[in-house]
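A quick write-up on the structure given underneath.
The values are calculated or read from the model by the stated rules, or taken from the named source; none is laboratory data. Just so it is clear, the model here is predicted, and its values are computed rather than measured. Neighbour counts are summed over all protein chains in view; Cβ atoms, including those assigned to glycine, are modelled from backbone coordinates with ideal geometry. Heads up: the accessible areas ignore ligands, DNA and RNA and are worked out on the full protein's heavy atoms, side chains in. Shrake-Rupley method; radii C 1.70, N 1.55, O 1.52, S 1.80 Å.
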Amino acid sequence: MSEPNPYADGEYKWGPGQQAGTPGYGYPQAGTPGYGYPQGPAADFGSGAGAGAGYQPTLPGLPVPPQYPQAGQGGGGAPLLSLGDITVVGDQIITPAGPMPLKGAVWNVMDMSRTEEKMPTVAIVLAVIFFIFCLLGLLFLLMKEKQTTGFIQVTVTSGGRHHATMIPARGPETIHWVMGQLNYARSLSI
């Protein structure tokens, strides 16, 4: 291992080249845009309502929002419904597994959440402290707090494909919101 490097030209070089006029490591070379950097003309970002009407990120590296086809371009326009990673656009259901036809889709929901009611620690401490002074401290034992945990699973089957998504339950009202969205999706699938 004491032999010299046969590929070295005699001058010690380490790291990216930092000569004057050349960009540093991690920056795209002149003329060739790198991954995550703006690509130049706005026409490259999709076909909007005219030349140059596409989305241009304001800072390099910002994610580009999803581009849905406009109403007159054969797609479906803006999203009608979104449940987790399931999105209904026009006459299609867009999932990570691929698009599915909206017509004849079967929607199901399963509530896998639970709501627990317990006495907070503060109530017990206050009841003990105020019990010493008067019996009214026992009223602190009536304090209760509700905590909802778990998920709500939404599944859709259409066109020979099946997809399921999990929506976190933030409270007992989450299942009612999901059922409202699901009933709307079922009415669109008829």
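What residue, of Gln56, Gln67, Gln39, is at pLDDT below 60 and closer than 30 Å to Thr155 by Cβ?
Selected residue: Gln67, the only one of Gln56, Gln67, Gln39 that is at pLDDT below 60 and closer than 30 Å to Thr155 by Cβ.
Give the residues of region 124-159 that are of a type in the set (Gly, Ala, Ser) and either closer than 25 Å to Val178 by Cβ or at pLDDT 90 or above (or both), sorted by residue number.
Within region 124-159, Gly150, Ser158, Gly159 meet the criteria.
Kindly establish whether Thr87 is under 26 Å from the mean Cα position of the chain (by Cα), at pLDDT below 90 and β-branched (Val, Ile, Thr).
no
Do the conditions hold for Thr155, that is, is it open to solvent by less than 40 Å² (accessible area, probe 1.4 Å) and free of Cβ contacts under 8 Å to residues at least 60 places away in the same chain?
Spelling it out, Thr155 is indeed open to solvent by less than 40 Å² (accessible area, probe 1.4 Å) and free of Cβ contacts under 8 Å to residues at least 60 places away in the same chain.
I need the full set of residues from region 163-178 which are surrounded by 14 or more Cβ atoms within 10 Å (Cβ to Cβ) and not polar (S, T, N, Q), in order please.
The answer is His163, Ala164, Met166, Ile167, Ala169, Ile175, Trp177, Val178.
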